[in-house]
Amino acid sequence: MMELQENGKGGNKYRRMDSVMIQEDAIDLTNGGFDQQQRTNNTKRYVIACAVFASLNSVLLGYDVGVMSGAIIFIKEDLKITEVQEEVLVGILSIISLLGSLIGGKTSDAIGRKWTMAFAAIVFQTGAAIMALAPSFKVLMLGRLFAGVGIGFGVMIAPVYICEIAPAVARGSLTSFPEIFINLGILLGYVSNYVFSGLPVHVNWRVMIAVGILPSAFIGCALFFIPESPRWLVMKHRIDDARLVLLKTIEDEREVEERLAEIQKAAGHGNADQYEEKAVWHELLHPSPGVLRMLITGCGIQCFQQITGIDTTVYYSPIIFQTAGISNKTKLLAATVAVGFTKTTFILVAIILIDKKGRKPLLYVSTIGMTICLFTLGLTLTFLENSKFGIAMAIVTVCGNVAFFSVGIGPICWVMTSEIFPLRLRAQASAIGSVGNRVSSGVVAMTFLSISETITMGGTFFGFSAISALAVAFVYKCVPETKGKTLEEIEMLFQNEEHWRGGVVELEDVEHLVQNQ
């Protein structure tokens, strides 16, 4: 009986021990879950920090675009430049930047994505310093040339770097970061115009431009924090270094190994002889059907982003508002601040939706909305000039145009270009897309005033609305949905024409998107 009681006590004891063991296991599981969650949070923060630092060059581009829209008013007065010189000064930046974009692809393959971004910042800052000190139009143009080359490097490499370092689930949002920072730079440029416009004419535009040099300090600090692209490291046979970077950007070690194997295969390590025999540029100039489809999509969306006239509403918004009826310079610059604020706000909307709703629905909303706003702006400048209602409509339609641009084709253009090309072609193909973008931007900026003189400013915006309508058709026919796919899966999507045209989101999805919003 005593033994039975002891056994009973022993049983109770064992039951208590089992209970303690279960509690300990639960604690271990809880700690394990906590550690995993902590690792996930750390990984997300690290990837976001890399994307932010890589995007700092874009602030320089945005600032230059924004500040020049107001500074040109005072440059024209101070240096006595003609209207043609004004067009050349504004538009040459985009034309010259194509040189940086072309060299940037080869440079980034040679020295890495990270140090190419550093070089871009140095060249741009040199140009900004020359412009700020320029005593004449010729010296001002020299500084503009340096700035243009630096911008060409920056706009090409930042999206490529972020695309290569970001996990597939967040790649769209993160690759949109450069566009966010471009818009932030534009807004800062507009604010700078407004703040410094009260200074003497000989000084104010120089101060406006010189302020753009300040972000270089942050770019210098960023180089100590961001790693090199794992895909570039694989291309250079630095597999262990690539694995270390992937371990910082992906929380699951097994997924790291899977991703590393995919990158090695994509880079051609499994079939190296094939790619050694076929030079990259030869493959781009004599493309296979799959590569041709990629070039049509990538270069097409880059060109449509600019030929719909976005730079006219950014560079020349003071002139547009002046045509509508605003005569006071301070009020003109204040109205441009509203444009910059709208553009920056709606790019944040795109960041939230791009990986949730997909690329294609946002492109539909963007291009259709821009078409309506550009057509309405044309009507306003043709029939409602010099009236309070006309001024209000001009501001609303310009703000509406940049809002629709920022929510879709603005950021998605760079996302698509950086994610659709295979690794062996990505840098050079992205450079070609950037060249198309910059040339289109330059042509639009350098001809806008002359065309407006010929067919009126209202007529010019009717033309832009027609081009924007063509962009809707291009999105429908030639842009597949890439949301949630790995870069390697996207490459396969273009190998089959049926998948390229068939794996798309239809127009009905736009209605679903608007209802969800």
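The values are calculated or read from the model by the stated rules, or taken from the named source; none is laboratory data. Owing to the predicted nature of the structure, the values given are computational and were not obtained by experimental measurement. Here the Cβ positions follow ideal geometry from the backbone for every residue, glycine too, while neighbour counts run over all protein chains shown. Accessible surface is based on the protein model in full, side chains and every heavy atom, while ligands, DNA and RNA are left aside. Shrake-Rupley method; radii C 1.70, N 1.55, O 1.52, S 1.80 Å.
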Around Phe153: net Lys/Arg minus Asp/Glu count, Cβ-Cβ under 15 Å: +2
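So, by mean Cβ neighbours within 10 angstrom, what's the order for 143-153, 109-119 with the highest one leading? Before the final figure, lay out each step's value.
On the way: 143-153: 25.3, 109-119: 19.4.
Highest to lowest by the protection proxy: 143-153, 109-119.
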Do the sum for the chain: with -39,500 (n - 2.57) for every DSSP H run of n ≥ 4, divided by all residues, what is the mean residue ellipticity at 222 nm, to the nearest 500 deg cm²/dmol? -28500 deg cm²/dmol
Points 7 angstrom from Cα along the Cβ direction at Trp115 and Lys477: gap in nanometres? 4.5 nm
For the chain, longest principal axis from Cα atoms; helix 409-420 axis from its Cα atoms; angle between them, nearest 10 degrees, is 50 degrees
Just going by the charge dipole of the chain, with Lys and Arg at +1 and Asp and Glu at -1 on Cβ, which of Gly358, Ala120, Leu244 is farthest out on the positive end? Ala120
Taking the alpha-carbon distance from Lys106 and a cut-off under 22 Å, which lysines remain once sequence neighbours fewer than 8 residues away in the same chain are dropped? Lys114, Lys236, Lys265, Lys278
Per-residue accessible area for Glu251 at 1.4 Å probe radius, Å² rounded to 10? 60 Å²
Residue among Cys399, Ala170, Ile75 farthest towards the positive dipole end of the chain, charges placed on Cβ: Ile75
Given contacts defined as C-alpha pairs under 8 Å and at least six residues apart, what's the relative contact order of segment 106-200, whole-number percent? 23 percent
To the nearest Å², the heavy-atom accessible area per residue of the chain with 1.4 Å probe amounts to 42 Å²
Which whole-number percent gives the relative contact order of the chain, counting Cα pairs below 8 Å spaced six or more residues apart? 22 percent
Testing the spin-label approximation: label points 7 Å from Cα along Cα→Cβ at Lys80 and Phe218. State their distance in nm. 4.0 nm
Structure-derived Rg and Dmax of the Cα atoms in Å: which label, when the choices are (1) 32.6, 101; (2) 24.3, 77; (3) 26.5, 114: (3)
Mind checking the dipole of segment 296-401: about its Cα centre, +1 per Lys or Arg Cβ, -1 per Asp or Glu Cβ, Debye to the nearest 20? 240 debye
On C-alpha positions alone, give me the angle between the axis of helix 359-383 and the longest principal axis of the chain, in degrees, nearest 10. 20 degrees
Carbon and sulfur atoms: what percent of the 1.4 Å accessible area of the chain do they account for? 66 percent
Computed FRET efficiency, Cβ-Cβ of Leu142 and Thr456, R0 35 Å: what is it to the nearest 0.05? 0.50
Which of Lys44/Lys331; Lys331/Lys360; Lys248/Lys357 exceed 31 Å between C-alpha atoms? The answer is Lys44/Lys331; Lys331/Lys360
At 7 Å along Cα-to-Cβ for each site, give me the label-to-label distance between Ala466 and Ala279 in nm. 4.1 nm
